[in-house]
1. Could you tell me the distance between the Cα centroids of the range 171-189 and the range 77-95, to the nearest Å?
2. Convex hull volume of the Cα atoms in the range 234-282, per residue, in Å³?
3. Subtracting the Cα-Cα distance from 0.36 nm times the residue separation, let me have the gained length for Q228 to L250 in nm, one decimal.
4. Taking the beta-carbon count within 10 Å as an exposure proxy, list R198, R142 from fewest neighbours to most.
5. How much length is gained if the chain between L237 and D261 is pulled fully straight, taking 0.36 nm per residue apart and subtracting their Cα-Cα distance, in nm to one decimal?
6. Taking the Cβ of W113 as the centre, find all other residues whose Cβ is under 11 Å away and add up their charges (Lys, Arg: +1; Asp, Glu: -1).
7. Hey, what's the Cα Rg ratio for the range 6-226 versus the globular rule of thumb, 2.2 N^0.38 Å?
8. Provide the FRET efficiency to the nearest 0.05 for the L270-I136 pair, computing r from the beta carbons and using R0 = 25 Å.
Amino acid sequence: MSKPLLSVVITVYNEEENIQPLLEATYGALSGIDYEIILIEDGSTDGTVSEVKKYANDRTRLIIFNKNYGQTTALAAGIDSATGTYIATMDGDLQNDPTDIPTMLQKAIDEDWDVVAGRRAKRKDGFVLRKFPSKIANWVIRNTTKVYLNDYGCTLRVYKAEIAQNMGLYGELHRFIPVLAKQQGAKMTEVDVKHHPRIHGTSKYGLSRTFKVLADLILMLFFQKYFQRPIHLFGGLGLISFFLGSLISLYLLIVKLMGEDIWGRPIMILGFILILGGIQLITTGIIAEIIVRTYFESQNKKTYTIRSVYQGLLVSKLDRPQAIPTPEEK
C-alpha cells in the first residue's frame with residue numbers, strides 16, 4: 001500500500017450520533033486528496049464502534065481501546081499508526097470542521113510549515129465554563145512557555161509526520177502539543193478555522209481540568225528549560241538553600257560564642273532545614289542527570305534535531321586544485 005499524503009487522526013468517545021455526519025463530512029472535504037482516516041475509539045460505552053463499522057470506507061481504520069485512556073493517549077495511538085507524510089488531528093464531536101483541513105494542508109506544503117494550528121475565531125461554546133477558563137489558560141501558557149499561539153485548546157492541526165511522531169505524548173499533554181513541537185524546533189503558524197456548536201452528545205471537559213493544566217504546565221516548563229540539564233535547576237536551588245542555611249548556622253555560632261543561648265530558636269530550625277534541603281536538592285539533581293543520560297544513551301537518542309542536510313553537487317572553486325604559476329607567469 002502506497003504512503004498517503006495525509007493521515008487524519010480523529011479521537012472519539014461516546015459519539016454514536018456524530019459518527020455518520022462526521023465521516024460523511026470528512027470524506028467530502030478530503031475528496032481529491034490521497035488520505036487515510038484513523039479513528040481512535042477511547043473506550044466508549046455507547047454504539048460508537050458499530051456506527052464507525054457501518055459507515056467506514058476502505059480508507060478508514062478504527063483503533064479500539066479496551067478502556068478509556070483519555071484524549072492524549074488516543075491522539076498518541078493515532079499518530080503512531082499514521083503513515084501519511086502529513087498528519088491532521090481533530091475532535092470527533094463535529095465542532096471542528098473537516099473542510100478546513102485541505103486549506104491548512106496546502107498552507108503547510110506551500111509555505112513549508114511544520115505545524116499549522118487552528119484558531120477558533122468564532123468559538124461556539126459557553127463563556128463561563130469553556131471560553132473564559134480557556135482564555136486564562138491560553139494566556140498563562142503563552143506567557144510562561146513563550147510559544148505564542150492564541151488557541152492551545154483547538155485540536156484541529158496539521159503537522160509534518162516527523163514532528164508529530166516524535167513529540168512524546170503522555171498523560172494529558174494534548175493541550176501542550178505546540179510546546180512539545182516547539183521543543184523540536186518546529187516552525188508553526190496559526191490560521192482561523194470554523195467552529196460549530198455541539199449538537200449531539202455532551203462535552204467531556206469542565207472546570208476540573210484547570211488544575212490538571214496547571215500541573216502539566218509545571219512539567220512543560222521543566223521540559224522546556226531543564227530537561228537536558230536538570231542539575232542546573234535542582235543544583236542551583238540546592239546551592240542557594242545550602243548557602244542560606246550555612247549563613248544562618250554561622251550567625252548562630254557567633255551568637256553562641258558570645259555567650260547567648262540559641263537552643264530552641266526558630267531560626268536555628270530554619271537553618272537546619274535549609275542545609276538538609278539543599279543537600280537533598282543537589283542529590284536530586286545528580287540523580288536526575290544520571291537518569292537523563294540513561295534515557296538518551298540506552299535508546300541511542302540524540303540531544304539535538306537536524307532539520308535537513310545539504311550536499312553540494314558541484315565542486316567549489318575553493319576546492320578545485322590551483323595551478324602553481326611558473327616563473328614566466330609570475
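Bear in mind these aren't lab numbers, they're just calculated from the coordinates by the rules spelled out. Just so it is clear, the structure is predicted and the values come from calculations on it, not from any experiment. All Cβ positions, even for glycine, are placed from backbone atoms using ideal geometry, and neighbour counts span all protein chains on display.
1. Taking the Cα centre of the range 77-95 as reference, the centre of the range 171-189 is 15 Å away.
2. Details: hull volume 2.3 nm³, N = 49.
That works out to 48 Å³ per residue.
3. On the way: separation 22, 0.36 × 22 = 7.92 nm, distance 3.53 nm.
Gain in length upon complete extension: 4.4 nm.
4. On the way: R198 14, R142 17.
With the fewest neighbours first, R198, R142 line up as R198, R142.
5. Working: separation 24, 0.36 × 24 = 8.64 nm, distance 3.08 nm.
That works out to 5.6 nm of additional length.
6. Residues near W113 contribute -1 overall.
7. Numbers: Rg = 16.3 Å, N = 221, 2.2 N^0.38 = 17.1 Å.
That ratio works out to 0.95.
8. Details: r = 35 Å, r/R0 = 1.41.
It comes out at approximately 0.10.
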